[in-house]
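Report on the structure given below.
Laboratory data are not the source of any read-out in this text; all were calculated from the coordinates shown. These figures come from a predicted structure and were not determined experimentally. Reconstructed Cβ throughout: ideal geometry from the backbone, glycine too, with neighbour counts over all protein chains shown.
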Amino acid sequence: SQELEQSPQSLIVQEGKNLTINCTSSKTLYGLYWYKQKYGEGLIFLMMLQKGGEEKSHEKITAKLDEKKQQSSLHITASQPSHAGIYLCGADQGAQKLVFGQGTRLTINP
Amino acid sequence: EPEVTQTPSHQVTQMGQEVILRCVPISNHLYFYWYRQILGQKVEFLVSFYNNEISEKSEIFDDQFSVERPDGSNFTLKIRSTKLEDSAMYFCASSRDIKLREKLFFGSGTQLSVL
């Protein structure tokens, strides 16, 4: 079965700094989802990547899927307190049956 | 943006009791899912549902669980006789089309506590 490993498990950064979260898969990724989890708000969809080398951006968040399709990264530029939360990557195993990583807890210090 | 709505946000029940968790998927979506997250663990797939029948289910989804779309808008998860280990956050999700790998939208979850 496919396993996703996220690194780091937690991250504390100063407001305004850039950061990167990685998601490594044990198998080829055919669809990789990034979500943000905040208590009381469920899983908020950020981006979905399918093609090797694909890169997508939304506001200050950029996600990439490497050419070999076994790793994805999420990069936040000029972090803000609103970016705090738990970031989850999820791999599509077919028919949107997702397997998730364990999450990266992001704290932004003012 | 349209949302997946889940009720209640918190449910406390006694072991052995039946619970029904409710979800209203996004209106033009055709594929529906339940996932759960036990405290401190990964989010895990339970079941997918399309065209009024289960498409796929995980080994967690045993005979104690059932899903239903009782009308055109609601999608429910029933746990027939709850156990302590059923305590978790349960997320409903929906999608318009799986073939195109459309966005998968999640609700805000129902926190189930079994005492």
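Side notes on the structure shown:
- Karplus 3J(HN,Hα) series, Hz, for the stretch B:81-97 with 6.51 cos²θ - 1.76 cosθ + 1.60 (x for Gly, Pro): 9, 5, 10, 4, 6, 7, 4, 5, 8, 10, 10, 9, 9, 9, 8, 7, 8
- Euclidean distance between Cα centres, the stretch B:13-55 to the stretch B:57-115, Å: 1
- Here the contact order of chain A, divided by its residue count and restricted to Cα pairs under 8 Å and six or more residues apart, works out to 36 percent.
- Taking the number of Cβ atoms within 10 Å of each Cβ as an exposure proxy, the fewest-first ranking of B:V114, A:V13 is A:V13, B:V114.
- Ordering of A:52-65, A:78-91, B:37-50 by packing is A:78-91, B:37-50, A:52-65, highest average first (other Cβ atoms within 10 Å, averaged per residue).
- Chain B: relative contact order in percent, alpha carbon pairs under 8 Å with at least 6 residues between: 38
- Sorted largest first, the principal axis extents computed over the alpha-carbon atoms of the stretch B:46-111 equal 38, 24, 23 Å.
- Per-pair calculated FRET efficiency, R0 = 35 Å: A:K60 and B:S113 via Cβ, rounded to 0.05: 0.45
- Near A:I44, the amide H atoms lying under 5 Å from its own belong to A:K36, A:Q37, A:K38; only residues 5 or more places off or on other chains count, and H is placed 1.01 Å from N.
- Projection of the Cα convex hull of the protein assembly as shown, averaged over all directions and equal to a quarter of that hull's surface, yields 12.1 nm².
- Per residue of B:87-94, other chain Cβ atoms within 10 Å of the residue Cβ number 2 on average.
- A simple rule links phi to the HN-Hα coupling: the Karplus curve 6.51 cos²θ - 1.76 cosθ + 1.60 with θ = phi - 60°, which for the stretch B:10-18 gives 9, 9, 10, 9, 8, 3, x, 7, 8 Hz, with x for Gly and Pro.
- Potential lengthening of the chain between B:N52 and B:S66 amounts to 3.8 nm, from the contour at 0.36 nm per residue minus the alpha-carbon distance.
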